[in-house]
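Peer 1: Below is the structure I would like to discuss, written out as structure tokens.
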Amino acid sequence: MPKSLLIVESPAKARTLERYLGGDFIVKASVGHVKDLPGNKLGINLDEQFKPEYQVMHGKKKIVEELKKAAAKADAIYLGPDPDREGEAIAWHIAEEIQANGKPVHRVLFYELTRKAIMEAIAHPSELNSKLYEAQQTRRILDRMVGYMISPLLWEKVRMGLSAGRVQSVALKIICEREKEIQAFETVEYWTIDARLGTRPPGSGSPVKGEGAVADEKAPPSFSAQLMKCKKKKCEISSGEEAESHLKALRPLLYVVSKVEKKERQRRAAPPFITSTLQQDAARKFSYSAKQTMGIAQRLYEGIDVGGEGAVGLITYMRTDSTRLSQDALDGAREFIQKKWGKEYLPAKPVVYKTKDSAQGAHEAIRPTDVTRTPESIAGSLSREQLKLYTLIWKRFVACQMAPARIDQTTIDISAGDYTFRATGSIVSFPGFLALYEEGKDEPEEEKGDMRLPDLSEGQALDLLGLDPKQHFTQPPPRYSEATLIKTLEELGIGRPSTYATIVSTIIEREYVVRQKQRLSPTELGLIINKLLEGCFPNIVDVDFTANMEKSLDGIEKGADSYLHLLTEFYEGFSKTMATARTGMLNLKSVGWPTPLNCPLCEKALKIRFSKSGPYLACSGYPQCSYTSNYERDEKGHIHPVERQEQETGEVCDKCGSAMLLKHGRYGNFLACSGYPKCKSTRPVSSGIACPREECAGNLVERMSRRGRFYGCSKYPDCKMLFQGEPVREECPQCKSPVLFRRAAKTGAGSLYCINPACKFKKKEEPEEDLASSGKKTK
């Protein structure tokens with residue numbers, strides 16, 4: 001009997017669906033995309049309305065054939081890739097390849113993999129969404145045009161292997177702009193003064209006037225207040241001398257409570273997770289990268305075997321920008337909260353969070369599929385990382401439907417002559433959602449506002465127990481973390497839920513950005529690529545331009561804009577910019593990136609150049625001057641050469657008799673005359689081993705080529721002795737050749753070979769062994 005065919009993109013998702021759908025369906029997985037643009041060319045017909053030249057991807061032909069065979073046997077076909085633009089593209093391409101031949105083809109959207117949701121989706125399928133597919137295809141074409149047209153230009157002008165991306169280039173610019181802010185920041189010194197104050201029990205006498213009182217053990221605890229005003233103006237102290245002047249004036253004064261203000265404030269829970277906020281909180285709390293977070297969440301969504309139930313989808317779809325929650329989810333959360341914490345923790349009605357206009361309405365927020373499946377109940381079925389992320393999602397969802405926390409906040413102003421101090425304290429009178437969850441913070445914050453203050457009244461005099469001056473320095477804005485970068489991209493309208501993780505991982509993988517202690521810093525390559533793109537492709541790295549492009553893609557999805565109009569308008573400007581850039585972009589290969597530094601040897605300008613091992617400084621007078629140097633940037637971005645020490649070798653120059661120095665150039669070590677620039681004599685570094693050819697009086701010297709280091713005779717080209725490996729002054733036991741050579745192995749110790757090509761002698765070197773660890777004893 002014919003069955004229906006359901007095709008999804010993930011094998012794990014297929015296994016989960018198969019368990020629920022039983023024998024009525026055959027469930028197959030496409031394992032992601034099956035078609036894409038070709039990898040060896042642009043793949044877009046610019047003369048035929050930007051028609052993409054899709055082809056079945058390498059390694060997917062066998063899968064496509066299997067899907068075709070399964071479709072031929074089925075009575076109906078259901079396409080169930082993920083419910084977003086990428087999923088729609090996968091569904092569309094599968095439909096094109098399987099050739100349904102008149103059989104009904106349905107689109108099913110699984111927002112969560114539970115029995116109820118799966119059956120609901122199968123019972124109410126939709127058609128393929130052409131507008132959603134057009135939006136994805138338009139994004140793909142835009143990205144391909146930018147990447148495949150700018151990247152070859154970077155290969156030509158900078159170095160091979162570089163690439164540029166439409167959205168990633170904007171993210172790189174944002175990181176580079178922050179680096180500029182940090183470099184331009186001027187640190188300013190400032191001081192604060194805290195007063196340690198105490199009260200006295202009733203009947204214990206008048207408070208002491210002036211610093212030096214001793215706290216009474218029977219009195220309420222002492223507390224601190226910070227100096228805020230002097231003569232009704234904000235007190236700004238810029239030096240230690242100023243601070244000392246204020247301290248002298250403050251010590252003899254009487255401290256009196258001038259104002260007491262108490263109020264209750266409410267703190268409401270954060271909305272349930274969307275893609276960006278999940279990535280941010282996981283980065284803050286677990287130091288997970290966005291890519292890592294999405295990989296874990298994908299597994300939780302697709303299904304995990306918990307407690308012998310079989311594969312169960314534990315969370316709803318994780319690529320979403322909607323904070324909407326279904327009525328079933330709200331009812332389940334409220335019932336759980338009342339049973340677990342009681343009515344006091346349950347708001348009078350469900351909490352609804354505002355969703356931005358561009359959000360996909362059919363999507364829900366990221367939440368557990370079953371609130372009664374607590375983290376503790378399934379901990380044994382999850383990996384450590386899965387449990388941490390599931391716990392975070394579960395707690396955030398439950399907390400968002402709990403009552404607000406109530407916080408009693410007290411602010412006390414203390415007058416001392418013309419000075420005003422302020423103490424702020426807060427007490428959580430009712431924890432509400434804080435009993436379960438608190439959102440992480442992007443930046444460390446000073447612990448303040450949670451100090452317990454004594455019960456004071458206006459006009460009450462206080463003991464001055466001490467004054468504490470503290471020196472501070474203003475800090476530059478922090479570098480972006482993955483969490484704050486994603487937050488910024490979202491606020492600026494750059495990227496979408498399905499692209500945040502890729503944006504960040506791509507600029508790191510391209511070595512434009514490095515992650516250091518969870519902070520993103522632009523590399524030297526990243527800074528220069530950003531400057532080149534800013535100069536030649538201002539629109540590509542413009543935040544507003546890219547954000548408007550995202551809005552236009554959303555408009556195509558909603559049917560409010562035309563993909564052909566968007567592509568035509570973009571390409572018209574981009575092609576002109578591209579033509580200008582081909583001639584106008586600075587060529588770092590031939591010219592180098594300019595610096596304000598001059599060569600210490602010949603006074604010509606130093607330029608930044610790139611090699612496989614990274615950037616370096618090189619003299620613009622090459623080949624007449626071969627000066628090179630590593631360099632570093634200080635906190636202001638200024639370049640400083642890092643000079644390598646020049647070692648005396650004991651050898652003398654053949655031309656002028658001066659000492660020869662060991663130097664390091666772009667091709668490795670070499671000897672150079674110390675009489676430079678009058679004498680420009682150079683020669684390779686000698687190994688100290690004579691050439692093994694009897695008729696030759698040369699020495700074996702180190703040389704470099706594009707393929708790496710090798711050794712050859714110093715008498716080249718008269719003597720063409722050369723070999724790859726390090727020469728060793730040891731006689732061959734077989735042919736009596738005076739020299740062997742060593743080739744290192746990846747695992748450590750290498751092997752020795754005879755330098756005579758006719759001799760096959762080989763001896764494996766034993767690694768040096770620590771006597772204590774080997775168990776051998778010395779006498």
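The values are calculated or read from the model by the stated rules, or taken from the named source; none is laboratory data. None of these values were measured; they are calculated from a predicted model. Positions of Cβ are backbone-derived with ideal geometry, glycine not excepted, and every protein chain shown enters the neighbour counts. Quick note on the areas: whole protein, heavy atoms, side chains included, nothing else; ligands and nucleic acids left out. Shrake-Rupley method; radii C 1.70, N 1.55, O 1.52, S 1.80 Å.
Peer 1: Name all residues of the stretch 169-200 having a backbone nitrogen under 11 Å from the label point set 7 Å from the Cα of residue 238 along its Cα→Cβ direction, giving them as ranges.
Peer 2: Within reach of a label on residue 238, which here means backbone N under 11 Å from a point 7 Å along Cα→Cβ, the stretch 169-200 contributes 188-190.
Peer 1: Based on the alpha-carbon gyration tensor of the stretch 46-181, what equivalent-ellipsoid semi-axes (square roots of 5 times the eigenvalues) come out, in whole Å, largest first? Present the calculation step by step, with values, prior to reporting the outcome.
Peer 2: Working: eigenvalues 278, 84, 35 Å².
One finds semi-axes of 37, 20, 13 Å for the stretch 46-181.
Peer 1: Let me ask something else about it. Express in % the proportion of alpha carbon pairs of the stretch 345-436 at distances exceeding 20 Å.
Peer 2: Above the 20 Å cut-off, the stretch 345-436 has 60 percent of its Cα pairs.
Peer 1: What is the stretch 22-74 by shape, rounded, prolate or oblate, if you read a ≥ b ≥ c off the alpha carbon gyration tensor as root eigenvalues and call it rounded for a/c under 1.5, prolate for a/b larger than b/c, and oblate otherwise?
Peer 2: Prolate, because a/c is 1.5 or more and a/b exceeds b/c.
Peer 1: Net charge near residue 288: determine it from the other residues with C-beta under 13 Å of the C-beta of residue 288, scoring Lys and Arg +1 and Asp and Glu -1. Could the numbers behind the result be given before it?
Peer 2: Details: positive: 284, 285, 291, 384, 388, 515; negative: 281, 385, 482.
Cβ neighbours under 13 Å give a net charge of +3.
Peer 1: If you average the alpha carbon positions of the stretch 1-76 and of the stretch 580-637, how far apart do those two centres end up, in angstrom?
Peer 2: Spelled out, the Cα-based centre of one part sits 50 Å from the other.
Peer 1: Using packing as a proxy for protection, rank 473-479, 407-413, 139-145 so that the peptide with the highest average count of other Cβ atoms within 10 Å comes first.
Peer 2: 139-145, 407-413, 473-479
Peer 1: Still on this structure, I have one more. Would you give the gap between the C-alpha center of the stretch 466-485 and the C-alpha center of the stretch 80-104, rounded to a whole Å?
Peer 2: Taking the Cα centre of each part, the stretch 466-485 and the stretch 80-104 sit 52 Å apart.
Peer 1: Under 16 Å from a point 7 Å along the Cα-to-Cβ line of residue 576: which residues of the stretch 524-548 have their amide N that close?
Peer 2: Of the residues in the stretch 524-548, 536-540 have backbone N under 16 Å from the label point off residue 576.
Peer 1: Applying the Karplus parametrisation 6.51 cos²θ - 1.76 cosθ + 1.60 with θ = phi - 60° to the phi angles of the stretch 238-249, what ³J(HN,Hα) value in whole Hz is obtained for each residue in order, glycine and proline being reported as x?
Peer 2: Residue by residue, the stretch 238-249 yields 10, 8, x, 5, 4, 4, 5, 5, 5, 4, 4, 6 Hz.
Peer 1: By the gyration tensor of its Cα atoms, with a ≥ b ≥ c the square roots of the eigenvalues, what is the shape of the stretch 370-409: rounded for a/c under 1.5, prolate for a/b over b/c, or oblate?
Peer 2: prolate
Peer 1: Using r as the Cβ-Cβ distance of residue 603 and residue 583, and R0 as 22 Å, what FRET efficiency do you calculate, to the nearest 0.05?
Peer 2: 0.10
Peer 1: Once the cut-off is 17 Å, how many percent of the Cα-Cα pairs in the stretch 425-530 end up in the long-distance tail? Could the numbers behind the result be given before it?
Peer 2: On the way: 4105 of 5565 pairs.
Summing the P(r) tail past 17 Å for the stretch 425-530 gives 74 percent.
Peer 1: Which distance in Å, rounded to a whole number, links the C-alpha centroids of the stretch 377-438 and the stretch 288-304?
Peer 2: Using only Cα atoms, the two centres lie 26 Å from each other.
Peer 1: Right, another one. Tally Lys/Arg at +1 and Asp/Glu at -1 over every other residue whose Cβ is under 13 Å from the Cβ of residue 353; what's the total?
Peer 2: +4
Peer 1: Follow-up. Using the heavy atoms of the protein chains alone and a 1.4 angstrom probe, what is the accessible area of the chain per residue in square angstrom?
Peer 2: 52
Peer 1: So what's the convex hull volume per residue for the Cα atoms of the chain, in Å³?
Peer 2: Output value, Cα hull per residue: 318 Å³.
Peer 1: Then there is this: Could you tell me what percent of the accessible area of the chain is made up of carbon and sulfur, with a 1.4 Å probe and every protein chain present?
Peer 2: Answer for the chain: carbon and sulfur cover 49 percent of the accessible area.
Peer 1: Let me ask something else. Spin-label point model (7 Å from Cα, Cβ direction): what's the residue 406 to residue 123 distance in nm?
Peer 2: 4.4
Peer 1: Would you be so kind as to identify which of 485, 521, 44 lies farthest towards the positive end of the dipole of the chain, taking Lys and Arg as +1 and Asp and Glu as -1 on Cβ and the Cα centre as origin?
Peer 2: 44
Peer 1: Can you compute the equivalent ellipsoid semi-axes for the stretch 217-358, i.e. the square root of 5 times each eigenvalue of the Cα gyration tensor, sorted largest first and rounded to whole Å? Mind showing how you got there, number by number?
Peer 2: Values: eigenvalues 524, 108, 57 Å².
Semi-axes, largest first: 51, 23, 17 Å.
Peer 1: Treat every Asp and Glu Cβ in the stretch 1-119 as -1 and every Lys and Arg Cβ as +1, leave all other atoms uncharged, and give the resulting dipole magnitude about the Cα centre to the nearest 20 debye.
Peer 2: Dipole of the stretch 1-119, to the nearest 20 debye: 520 debye.
Peer 1: Taking the Cα centre of the stretch 544-671 as origin, work out the dipole magnitude from +1 charges on Lys and Arg Cβ and -1 charges on Asp and Glu Cβ, in debye rounded to 20.
Peer 2: Using only the charged Cβ atoms, the result is roughly 480 debye.
Peer 1: When the convex hull of the C-alpha atoms of the stretch 500-620 is computed, what volume per residue in Å³ does it have?
Peer 2: Cα-based convex hull of the stretch 500-620, divided per residue, equals 146 Å³.
Peer 1: In nm, to one decimal, how far is the residue 468 label point from the residue 439 one, both placed 7 Å along Cα→Cβ?
Peer 2: Calculated label separation equals 3.1 nm.
Peer 1: Also: Say the dipole of the stretch 392-475 comes from +1 at the beta carbon of Lys and Arg and -1 at that of Asp and Glu; which of 415, 402, 469 then lies farthest toward its positive end?
Peer 2: 402
Peer 1: Per the Kirkwood formula on distinct C-alpha pairs, the Rh of the stretch 246-292 is how many angstrom?
Peer 2: 15.9
Peer 1: Could you work out how far apart the two model spin labels at residue 519 and residue 58 are, taking each label as a point 7 Å from the Cα in the direction of the beta carbon, and quote it in nm?
Peer 2: Here the modelled spin labels are 4.0 nm apart.
Peer 1: Using +1 on the beta carbon of Lys and Arg, -1 on that of Asp and Glu, and nothing else charged, what's the dipole of the chain about the Cα centre, debye to 20?
Peer 2: So the dipole magnitude of the chain works out to roughly 1940 debye.
Peer 1: Compute the relative contact order of the chain as a whole-number percentage, counting only Cα pairs closer than 8 Å that sit 6 or more residues apart in sequence. All intermediate terms of the calculation are to be shown ahead of the outcome.
Peer 2: Numbers: 1425 pairs, mean separation 91.3, N = 779.
Reported relative contact order: 12 percent.
Peer 1: Moving to a separate point now. For a quick check of your reading of the filter: which GluC sites (Glu not before Pro) in the stretch 571-634 sit in a DSSP loop and have no more than 12 other Cβ atoms within 10 Å?
Peer 2: 603
Peer 1: Something else about it: Put 502, 583 in order of accessible area, largest first, 1.4 Å probe: what do you get?
Peer 2: Accessible-area ranking of 502, 583, largest first: 583, 502.
Peer 1: Mind ranking 472, 93, 638, 58 by accessible surface for me, highest first, 1.4 Å probe?
Peer 2: So the residues, ranked largest to smallest area, are 58, 638, 472, 93.
Peer 1: How do 387-399, 98-110 rank on mean C-beta neighbours within 10 Å, highest first?
Peer 2: Taking the mean over residues of other Cβ atoms within 10 Å, the ranking is 387-399, 98-110.
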